[in-house]
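Student: Below you'll find the structure I mean.
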Amino acid sequence: MEEAIRNPHQAHALFVLPENDKPVKEPTIQLTNKQIEFFKTNGFLSIDHFIDDDEITYIRDQYDKWFAAKIGREHGNFFDLLSEDTDDKEAVAPQLLWPSIYGKNTTGFDLYNTQMYANAYAVSKALLGDGTTFKGDHAIMKPPTSKSLPTPWHQDEAYWDPTLTYESVGVWVALQSVSIENGCMQFIPGSHRVSDVLSHHTQNNNPRIHGLEVDNPNEYIENISSCPLPSGGATFHHCRTLHYTGPNQSNEPRRAYTLQFQCDTKKRDQPRPNVWNEIKITERERRAKESGWNLRAP
Ligand SMILES: O=C(O)CCC(=O)C(=O)O
Ligand SMILES: [Fe+2]
C-alpha cells in the first residue's frame, strides 16, 4: 500500500496512502459458506444490510460535499465517466477516484475507521483469501436528469494494468435505496469465468470518453441478475464479471461508493490487449498529466 513521495512537485505528494490497510473496527458481517459458493459460481453477491443507517447518513453527507466541491478535478480524479467531460456541461455520471484520500484531506473522512471498510475488508477476504489487500476506492454519482445514461456492460479489469492479471472484488455500497429505475447493479451470472479480459471500446467509440463497453454486448447479455438494495446494502463483484447500471430515472441522486480489494495479483507473461485504453485522449488524462498525478486508478 505504500506510495512513497518521490517527487514533491507531483500532485499526490500531498496525499499519503496508509502503510497498513487494516480496518480499525471489527466486522459485523460474516458470510455463510452458501454465500461464498454463490459468489464463486456466479461472480457476484448481494447483501441487503451491510452498514447501519447512522453511518450511511454520515458517509452520504461527506459524499455530497466532495461532489459539490468537485474535489480532485484538477488532478484528473473527478470527471464525467460517460461524456467528453468538458467544463461547460453538467456531468451525467460524475466519478471521484480515491475518495478516501481526498476525504481525509478535505472533510477529515477516515475510511479505515468506518464499519463499511471493516465489513468490506472481511467480506473480500472471505471471497478471495487471506492475502487480500485494499486496492483503492471510487464513487460514481448519477444525478437525476433526463439526460442520465446507463453505465455500459463492462469488466472492471479492462480498465486496469494490462501487464497484470487480477483476482479482485469490487464492493459497491448503495448510499440510498437502489432499484432498476435509479441504477442498481446488474450482472451476468458466471461471466467472470471467461478465459480472459474481453475486448472493450470506449463509449460510442469516442476516444474522448473514459467509460468502456464490452465489444458486442448482445453476445453476453442473458439471464441478467438485477440487484435492488435498501440504503446501506451492497453488492460484490469479481473483476471479470460483466456488469451494468441503468440511467437514474428517479428524482433523487443515485450515490454509490465502491471499494476494490485484490489478492494474488500476478505479472502476465505477455501484456493482454489494451488498445481501448491506449487510444484514449480524455480531458481527465490531460488534467492528470498537467498536475503530475500518476497514482494508478483503483
Ligand atoms: O455505479 C455505476 O454506475 C457503475 C459501477 C461500477 O461499474 C463499479 O463499481 O465497478
Ligand atoms: Fe465496474
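The values are calculated or read from the model by the stated rules, or taken from the named source; none is laboratory data. What you are looking at is a predicted structure, and each value in this text was computed from that prediction instead of being measured. All Cβ positions, glycine included, derive from the backbone under ideal geometry; neighbour counts span all protein chains shown. Note: accessible area is taken over every heavy atom of the protein model, side chains too, but ligands, DNA and RNA are not part of it. Shrake-Rupley method; radii C 1.70, N 1.55, O 1.52, S 1.80 Å.
Student: Looking at segment 208-253, which of the residues that are open to solvent by less than 50 Å² (accessible area, probe 1.4 Å), hydroxyl-bearing (Ser, Thr, Tyr) and more than 11 Å from ligand 2 (Cβ to nearest atom) is farthest from the chain's Cα centre (by Cα)?
Tutor: Filtering first and then ranking leaves 250.
Student: What's the number of the only condition in (1) surrounded by fewer than 16 Cβ atoms within 10 Å (Cβ to Cβ); (2) under 20 Å from the mean Cα position of the chain (by Cα); (3) within 16 Å of ligand 2 (Cβ to nearest atom) that residue 180 fails to meet?
Tutor: The number of the failed condition is (3).
Student: May I ask you to list the residues in segment 254-271 that are more than 30 Å from residue 114 (Cα to Cα) and either open to solvent by less than 20 Å² (accessible area, probe 1.4 Å) or without any contact (Cβ under 8 Å) to a residue 60 or more places away in the chain (or both)?
Tutor: Residues of segment 254-271 that are more than 30 Å from residue 114 (Cα to Cα), as a first pass: 267-271.
Those that are more than 30 Å from residue 114 (Cα to Cα) and either open to solvent by less than 20 Å² (accessible area, probe 1.4 Å) or without any contact (Cβ under 8 Å) to a residue 60 or more places away in the chain (or both): 269, 270.
Student: Six or more apart or on different chains, Cβ under 7 Å: which pairs go from a residue in segment 233-246 that's of a type in the set (D, E, K, R) to one that's near ligand 2 (Cβ under 9 Å from one of its atoms)? Could you list them?
Tutor: 240/155
Student: Which of the residues belonging to segment 116-160 are within 16 Å of ligand 1 (Cβ to nearest atom) and part of a loop (DSSP other than H, G, I, E, B)?
Tutor: 143, 144, 145, 147, 148, 149, 150, 155, 160
Student: Right, next: Is one or more of the residues making up segment 274-293 in contact (Cβ under 8 Å) with a residue 24 or more places away in the chain, surrounded by 19 or more Cβ atoms within 10 Å (Cβ to Cβ) and in a strand (DSSP E or B)?
Tutor: no
Student: Of 67, 50, which residue is assigned to a helix (DSSP H, G or I), aromatic (Phe, Trp, Tyr) and buried (at least 17 other Cβ atoms within 10 Å of the Cβ)? Even if it seems obvious, please write down each step before you answer.
Tutor: On the way: 50 fails: assigned to a helix (DSSP H, G or I).
That would be 67, the only listed residue that is assigned to a helix (DSSP H, G or I), aromatic (Phe, Trp, Tyr) and buried (at least 17 other Cβ atoms within 10 Å of the Cβ).
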